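Asker: Below is a structure I'd like to ask you about.
The values are calculated or read from the model by the stated rules, or taken from the named source; none is laboratory data. The structure displayed is predicted, hence computed values, not measured ones. Because the Cβ atoms are built from the backbone with ideal geometry, glycine has one as well, and the counts that use them run over all protein chains shown. Accessible surface areas use protein heavy atoms only, side chains included; no ligands, DNA or RNA. Shrake-Rupley method; radii C 1.70, N 1.55, O 1.52, S 1.80 Å.
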Amino acid sequence: MTVSTSLQKERWKRDVTLFLSSQTISLFGSSLVQYAMMWYITLSTQSGIMMTIYIICGFIPTFLLSPVAGVWADRFNRKKLIVYADGLIAISTLILAILYLLGYESIWLLFIMASIRAIGTGIQTPAVGAVLPQIVPEKHLLRVNGINGTIQAVIMFISPMVSAALLSFTTMELIFFIDVVTATIAILVLVTLLKIPLHEKATENQRISYLEDFKLGIAYIREKDFLKSFFIFFALLFIMMAPAAFLTPLQVTRSFGDDIWRLTAIEIAFSIGMVIGGGIIATWGGFKNRVYTMMFAGVVMSVCTVLLGLIPVFWLYLSAMGLFGLAMPIFNTPTMTIIQEKVDPNYLGRIFGVFGMISTSMMPLGMLIFGPIADIVAVEHILIGTGLLMLVVTLCIKLSPSLVRAGETVSLKE
């Protein structure tokens, strides 16, 4: 290995370390706020409708912004977009903290805050997804995505415990201030320590409108059969996953007790599973065909969803939640890697933008259906039904030859 090759190797590792560190710091503060707001609404209202409103506020702005944000991620400096998004969230959280200090405490303020945070997420998500292939060699993408998933799982493991502890002896505004500090640190790391070169499209003079640019992204999807199948599959799956993702805290509160430690326990069990699953996919790498890895994890998640509706004992319930969490990174990592490997780098932002539109619209659509039903029908019955439908949707992936072909790995030169 030559000196220049060695330096290049060390440089991408340094860049990835700095980038993931900044995202980890930002995610930690965001998770504290997310859990605090969700539990506050769950414990104070015990209402499926109020939870639905909160979820909608947290997703619809991302959906509306994703088409534009995806174009931005392809047109402009992606690092700056991430910094601007973190800055927006930090400023809005600071304002909310001040309002709470002044005594203006209201659930509706939390709904507004969820909407603003969703705007920041809508800007940030396509940019983050498109940045990693810029700084990570293709042959290392799955491993880095697996490591990133493990880091996120660790944060999800720590943050509910920290959030619960803080809620036990302090106020909501202190948690808001912690988020402001972590977002500021993340911004400083990105601005002062990390250099990400502009991608090719961002260096060009843009001669077409945002709408035309977005239409080109849609045309690109239409030309790629595997992307059409990919997005249809995810649209259906996200609808079916909504109850498992958002109604389980409500289920636990109603069926097992409204103690905050129970809500903390399900998040911890899920997060421990994600940590283990992230480690498994980072070291194992999955099957040779990434789509088969997705299907395997999808089957596990489907079965776990059914079990969450059947198990009457809380400790066994936690085991099913942990197994669900273990399957998540095994599912998500090859998903992200397929997009990053198979999509033209100049279209990555728009493709992630469309992916964001689907994920952020299908989840609220699922909650619009299942949230009000949860005030009439037992959450357990909803979980059993959606779990069985998830299994059918997952097995149907095999019916798309183009998507299966897209999942095939290729040998890359060192």
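Asker: On the basis of being touching a Ser or Thr at 6+ places or on another chain (Cβ under 9 Å), assigned to a helix (DSSP H, G or I) and surrounded by fewer than 18 Cβ atoms within 10 Å (Cβ to Cβ), does Leu383 make the cut?
Answerer: No; evaluated as a whole, the condition is false for this residue.
Asker: Answer with yes or no whether Leu399 is in contact (Cβ under 8 Å) with a residue 12 or more places away in the chain and either out of contact with any helix residue (DSSP H, G or I) (no Cβ under 7 Å at 6 or more places or on another chain) or over 16 Å from Phe246 (Cβ atoms) (or both).
Answerer: For Leu399, the condition - in contact (Cβ under 8 Å) with a residue 12 or more places away in the chain and either out of contact with any helix residue (DSSP H, G or I) (no Cβ under 7 Å at 6 or more places or on another chain) or over 16 Å from Phe246 (Cβ atoms) (or both) - is not met.
Asker: Can you tell me which residue is most open to solvent (accessible area, probe 1.4 Å) among those in segment 298-323 that are β-branched (Val, Ile, Thr) and in a helix (DSSP H, G or I)?
Answerer: Val303
Asker: Give the residues of segment 141-167 that are under 18 Å from Trp12 (Cα atoms) and either among the charged types (D, E, K, R) or open to solvent by 50 Å² or more (accessible area, probe 1.4 Å) (or both), sorted by residue number.
Answerer: Those that are under 18 Å from Trp12 (Cα atoms) and either among the charged types (D, E, K, R) or open to solvent by 50 Å² or more (accessible area, probe 1.4 Å) (or both): Arg143, Ile147.
Asker: I've got another one for you. Give the residue, chosen from Ser44, Ser30, Ser21, that is part of a helix (DSSP H, G or I), touching a residue at least 60 places away in the same chain (Cβ under 8 Å) and surrounded by fewer than 15 Cβ atoms within 10 Å (Cβ to Cβ).
Answerer: Of the residues listed, the single one that is part of a helix (DSSP H, G or I), touching a residue at least 60 places away in the same chain (Cβ under 8 Å) and surrounded by fewer than 15 Cβ atoms within 10 Å (Cβ to Cβ) is Ser44.
Asker: Look at Leu65 and say whether it is over 20 Å from Thr184 (Cβ atoms), of a type outside the set (Lys, Arg) and out of contact with any helix residue (DSSP H, G or I) (no Cβ under 6 Å at 6 or more places or on another chain).
Answerer: Taking the combined requirement at face value, the residue does not satisfy it.
Asker: Going by the conditions given, is Leu190 part of a helix (DSSP H, G or I) and at pLDDT 80 or above?
Answerer: Yes; evaluated as a whole, the condition is true for this residue.
Asker: Moving on to the next point. What residue, of Ala118, Ala130, is open to solvent by less than 50 Å² (accessible area, probe 1.4 Å), within 25 Å of Val68 (Cα to Cα) and touching a His at 6+ places or on another chain (Cβ under 8 Å)?
Answerer: Exactly one of Ala118, Ala130 is open to solvent by less than 50 Å² (accessible area, probe 1.4 Å), within 25 Å of Val68 (Cα to Cα) and touching a His at 6+ places or on another chain (Cβ under 8 Å), namely Ala130.
Asker: Within the set of pairs 6 or more residues apart or between chains, which connect a residue that is free of Cβ contacts under 8 Å to residues at least 24 places away in the same chain and more than 21 Å from Ile268 (Cα to Cα) inside segment 159-180 to a residue that is of a type in the set (Ser, Thr, Tyr) and buried (at least 19 other Cβ atoms within 10 Å of the Cβ) with Cβ atoms less than 6 Å apart?
Answerer: Listed by first residue and then by second, the contacts come to nothing, as the list is empty.
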